Amino acid sequence: MGNKRVAVIGAGASGLPSIRHGLLYGFDVTCFEASDDIGGLWRYKSHETNESSVMKTTVINTSKEMTAYSDFTPQENLANFMHNNEMLNYFKSYAEHHGLMKHIKLRHRVLNIERSKNYDNDGTWKVIYQTPEEKTLEEIFDGVLVCSGHHAIPHWPKPFPGQNEFKGRIVHSHDYKDHKGYEDKVVVVVGIGNSGIDVAVEQSRIAKQVYLVTRRGTWLIPKLETRGLPFDIIMNTRFFSLYKLFPQAMLNSLVEYRINQRIDHDLYGLKPAHRVFSAHPSLNDELPNRIANGTVRIKPNIKKFDGYAIHFEDGTIVPHVDEVVMSTGFSFEFNLIEHGKLVPVSENEVDLFKYMFPVATSDHNSLCIIGLIQPFGSIMPVSEQQARVFFANMVSGNNLIPKKSQMSEDVLNKKEAMAQQFVKSRRHTIQVDYIPYMDELAELIGCQVPLLRTLFTDPVLGLRLFFGPNAGYCYRLAGPHTWNGARNAILTIDQRVRMATTTKPEPTNYTVPLVISSIILLLVIYFVM
């Protein structure tokens, strides 16, 4: 197996763990990265570019422990919600620690990926790429992992009446870098997803006035929960996942009540018609404060543009607007793979088994898309888990992935489940629940979290696995390529969370209060029912 060659396309958050696990499984890995450095989306780019890029002030929406790869704990002093610079440094440290850089070809742009002439027999692929000297070359690989992300192509909705004649400036959030040039301007931000809220909050500190436009509102989830702990440290636990045993309507009501106790969504103009579990949540702690002090004002959808003026559907008018930022999401496509013909995409819908394997290439499953998911949680450990599945399946001779008919059935079932739970939207085509999806992938390769066994053999660890955060480390306790440091990484999560905000050395065990609060929550659900 050592001479098997695999190509990884992209050296960002999904590409790096793909290289790592390819090497663990003994593959000869070559990563093609079009830019001059690693990091992908998380490497801030101040210049105009077609590449994906965070804003200058962007911080991660998931905590460092739930974002970390399964065998590389973040430093204690790193912020729980890391700035993009810290996130990039974490990637670079990960690459250096595991010796990944020597496998990455920077400034090598892949032009096309196509089935080789021997594909029917051996499942190999031809990768055509351009070197820094602009030479076009091609190589044959036994497998290909496409890790190019899904935040590079800005989605522009159908123009509003009069939009093309607007006298101010309109940009997409893809091209928004920082606040410079927006000082003392009247700004309208269209879209109340995470990007739109981040832009509006940043602008509210320097603009004359900011209006945040939303068609249907949103449920605003705070990043900081009980006692100021990261929300995902509390929410993404196996104990808390027991909520799925209760009726969905009851859960929606309970969570909405809890959210409204913090911020009355109706009072703040945010309340949507859909239930809280019917859309991807917006995560922000600052927006309510900006609404309360009037620097951000919530508006319904735009009715029309008129010169510098913008009319809204509630009949109100802002007579002079200088800047409009369209935070209307992104599109994805796979033109890189046989010029888009092999893996077609329509309105962000694509047929991929487990959101990874194209049904069209089920004969070998030697091509895989990594990171094309929108989890209720961090994407990094999910991408890593996907890479593990790909390489384990390659080693098995394609025996871990079911036949084409079963793959198609799984795709259809997931689409139907998505349609039943979520508001119909281009945003809700690749949505996954973090723990159930991670467990699905773990089951394929046999690295399930050994909860029951550990409760008897190592009770301290077992209790943490049940009541504590389900971090990526939990999936390196069993199965292929276990990590000797996994147990300690799990048991020291509390310490690293604490040290992010205080230098006091006293250890704080969050398991007990988390257990108590979780039990109280479940008792409330039980008695309300």
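The values are calculated or read from the model by the stated rules, or taken from the named source; none is laboratory data. Because the structure is a prediction, the values reported are computed rather than measured. Cβ coordinates were reconstructed from backbone atoms using ideal geometry, including for glycine residues, and neighbour counts include every protein chain displayed. Accessible surface is based on the protein model in full, side chains and every heavy atom, while ligands, DNA and RNA are left aside. Shrake-Rupley method; radii C 1.70, N 1.55, O 1.52, S 1.80 Å.
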37 °C / 0.692 mPa s Stokes-Einstein diffusion coefficient of the chain, Kirkwood radius on C-alpha pairs, µm²/s: 134 µm²/s
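Given the pairs LYS4/LYS135; LYS92/LYS223; LYS167/LYS299; LYS158/LYS354; LYS45/LYS92, which span a C-alpha to C-alpha distance of over 23 angstrom in this model?
Result: LYS4/LYS135; LYS92/LYS223; LYS158/LYS354 exceed 23 Å.
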Rounded if a/c under 1.5, otherwise prolate or oblate - region 56-200, Cα gyration tensor axes: oblate
Overall form of region 246-307 per C-alpha gyration tensor (a/c, 1.5; a/b vs b/c): oblate
Sites HIS481 and ASP363 - FRET efficiency at Förster radius 35 Å, r taken between beta-carbons, to 0.05: 0.85
Mean Cβ neighbour count within 10 Å, used as a protection proxy, ranking 275-284, 231-240, 262-271 highest first: 231-240, 275-284, 262-271
Descending principal axes extents, region 156-328, alpha-carbon based, whole Å: 54, 29, 27
Theoretical gain in end-to-end length, ASP306 to LEU245 [0.36 nm per residue, Cα-Cα removed]: 16.8 nm
Protection-proxy order for peptides 459-468, 411-420, 373-382, 194-203, each taking the mean of Cβ atoms within 10 Å per residue, highest first: 194-203, 373-382, 459-468, 411-420
Charge dipole of region 318-387 about the Cα centre (unit charges at C-beta), most positive-ward option of MET356, PHE334, PRO344: MET356
Spacing of the two label points (7 Å from each Cα toward its C-beta) at ASP36 and GLU133, in nm: 1.9 nm
Label zone at GLU51 (point 7 Å along Cα-to-Cβ), backbone N below 11 Å, region 2-43: 11-12, 33-43
By accessible area with a 1.4 Å probe, ligands and nucleic acids excluded, highest first: order of ARG115, ARG453: ARG453, ARG115
For THR136, solvent-accessible area (1.4 Å; no DNA, RNA or ligand), Å²: 90 Å²
Exposure rank, largest accessible area first [GLU96, GLU323; 1.4 Å]: GLU96, GLU323
Packing-based order for 45-51, 142-148, using average beta carbon neighbours within 10 Å, highest first: 142-148, 45-51
Per-residue SASA entry for GLU347, accessible area with 1.4 Å probe, Å² rounded to 10: 120 Å²
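Before anything else, pin down the relative contact order of the chain: Cα pairs under 8 Å, at least 6 apart, normalised by residue count, whole percent.
Once divided by the residue count of the chain, the mean separation gives 19 percent.
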Two-site label geometry, LEU111 and GLN75: point separation in nm, points 7 Å out along Cα→Cβ: 4.2 nm
Region 86-154, relative contact order [Cα under 8 Å, separation at least 6], %: 21 percent
Most to least accessible of ARG426, ARG227 (protein chains only, probe 1.4 Å): ARG227, ARG426
Nearest-20 debye value, the chain charge dipole, Cβ charges on Lys, Arg, Asp, Glu: 640 debye
